[in-house]
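Q: Pasting a structure below so you can have a look.
The values are calculated or read from the model by the stated rules, or taken from the named source; none is laboratory data. Worth saying up front: this structure is predicted, and the values here are computed from it rather than measured. In this analysis, Cβ positions are derived from the backbone assuming ideal geometry, glycine residues included, and neighbour counts consider all displayed protein chains.
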Amino acid sequence: MKLSTLTIALLLQGVCYGQNILYKQSNKILSYDYGVVDTAGMNKLSEIEKIKYELKFTQQSYSETIDQNYESQIELKVDSNEYEQPWMKLPKRIRYGNVGTELFDENNSLIKSIVNTPDQIASRLERKVEMRENGFHPGLISFPNFSASDIALLDSQNILVSNMPNGEVKVSFDSRTVIFNKYKFTIVEEFIDDDGKKNRETKGYEPYLENKGYLLRIYKKEKFLNSVNGPCITETKLSYFNDYVILDNGGLIDKAIRFPETIELYPNPNDGVFTVKANLNNNVGISSVKIINVLTGSIIPIEHNSQKIFLVNLPSLATGQYVIQILTSEQKTLTYNFFKN
């Protein structure tokens, strides 16, 4: 299991035009951005550096739309910035598209275009395929509940999972530590960046509708370093997300929060008589069931009577390894290996 499977990125990049909207989201972001916090450090800065590092207040609006091709367009508009200076030439509107990023000024004139790198294009394509298959959600789908088997599997991959006395779950791997708190709806991640500096990111969520996952409300980024007066925190960024407006005409959120569909088969190995259970989401049925001999490739169709739990009675089945294959009503193929004694 990779960490990326535990969270869903808030910002996708792509381009979208037309009226076949699958998903649309908009919200406001209130941001605070400040730097060196010890007064001795501030006194050593020039006036321009003080402007750069002083407390700034920014209100931003965010919108995202995903079309039928699972491509998306994101726009970020800056409504105010108390400490902005003309020389900064800060953009007032940023559009993330399938080709690249476009920056616009207060007159909506294009300031700069930044073409996506090959890695960004590949990442966007990968996300597009995942969204088509698994849906999309703007926040965290769910806080992970690690079973004993999950913990053992992660431990084999040098990922340590610890259940803390306060109910938090701590996941450690490489130089990163992630703490999940399902009571406070927070995720805190600490890591060492490429410059060797310690970073900490805190995300706070709130439940979205009933069993629809969570929406991001607070996002805080901190970097730690040593100043002339000792350790301090610098480059702190804090964002509050509010005023969400979500339209999901394509059912992407419902698709994203569905559980993985699997097959259970018991006993295994067996004497040709066994029970099959198809764990399918609501409104998903079984179109066909077949058993395939791994050695010969021969196929035996199985009657299931539209039931998700059914008995297979094939005592004359030859000894060997087999695969049971279930085709769902959504044309998804599930497989499970078993042995006949």
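Q: Yes or no: the range 71-78 includes at least one residue that is out of contact with any Ser or Thr (no Cβ under 8 Å at 6 or more places or on another chain), over 27 Å from PHE185 (Cβ atoms) and modelled with pLDDT of 90 or more.
A: So far as the range 71-78 goes, yes, one or more of its residues are out of contact with any Ser or Thr (no Cβ under 8 Å at 6 or more places or on another chain), over 27 Å from PHE185 (Cβ atoms) and modelled with pLDDT of 90 or more.
Q: Kindly establish whether VAL178 is outside any helix (DSSP H, G or I), touching a residue at least 24 places away in the same chain (Cβ under 8 Å) and either within 25 Å of TYR23 (Cα to Cα) or among the hydrophobic types (A, V, I, L, M, F, W, C) (or both).
A: Numbers: outside any helix (DSSP H, G or I): yes; touching a residue at least 24 places away in the same chain (Cβ under 8 Å): yes; either within 25 Å of TYR23 (Cα to Cα) or among the hydrophobic types (A, V, I, L, M, F, W, C) (or both): yes.
In short, yes.
Q: Among the residues of the range 225-241, count how many are at pLDDT 75 or above and either surrounded by 16 or more Cβ atoms within 10 Å (Cβ to Cβ) or part of a loop (DSSP other than H, G, I, E, B) (or both).
A: Kept after step one, since they are at pLDDT 75 or above, are these residues of the range 225-241: 236-241.
Right, trim to either surrounded by 16 or more Cβ atoms within 10 Å (Cβ to Cβ) or part of a loop (DSSP other than H, G, I, E, B) (or both) and you get 236-237, 239-241.
Going through the range 225-241 one residue at a time, the tally reaches 5.
Q: Now a separate question. Scan (1) in the same structural domain as TYR322 (by TED's automatic domain parsing); (2) under 30 Å from ASN134 (Cβ atoms); (3) modelled with pLDDT of 85 or more for the single condition ILE218 breaks and write down its number.
A: Against the list (1) in the same structural domain as TYR322 (by TED's automatic domain parsing); (2) under 30 Å from ASN134 (Cβ atoms); (3) modelled with pLDDT of 85 or more, ILE218 comes up short only on (1).
Q: A follow-up question, please. Looking at (1) out of contact with any Pro (no Cβ under 9 Å at 6 or more places or on another chain); (2) surrounded by 16 or more Cβ atoms within 10 Å (Cβ to Cβ), which is the only condition ASP195 fails?
A: ASP195 satisfies all of (1) out of contact with any Pro (no Cβ under 9 Å at 6 or more places or on another chain); (2) surrounded by 16 or more Cβ atoms within 10 Å (Cβ to Cβ) except (2).
Q: With the requirement that a residue be without any contact (Cβ under 8 Å) to a residue 24 or more places away in the chain and within 23 Å of TYR208 (Cβ to Cβ), what does the range 101-144 give you?
A: If the condition is that a residue be without any contact (Cβ under 8 Å) to a residue 24 or more places away in the chain and within 23 Å of TYR208 (Cβ to Cβ), then GLU130, GLU133 are the ones that fit.
Q: Further question on the same structure: Taking strands (runs of 3 or more DSSP E) that fall entirely within the range 84-167, which contain at least 1 residues that are modelled with pLDDT under 85 and either surrounded by fewer than 17 Cβ atoms within 10 Å (Cβ to Cβ) or in the same structural domain as GLN59 (by TED's automatic domain parsing) (or both)? Write out each step before concluding.
A: Details: elements: 93-96, 100-104, 110-115, 160-163.
Fully inside the range 84-167 and qualifying: nothing.
Q: Read through the list (1) closer than 30 Å to VAL78 by Cα; (2) part of a strand (DSSP E or B), then give the number of the only condition that GLY250 fails.
A: (2)
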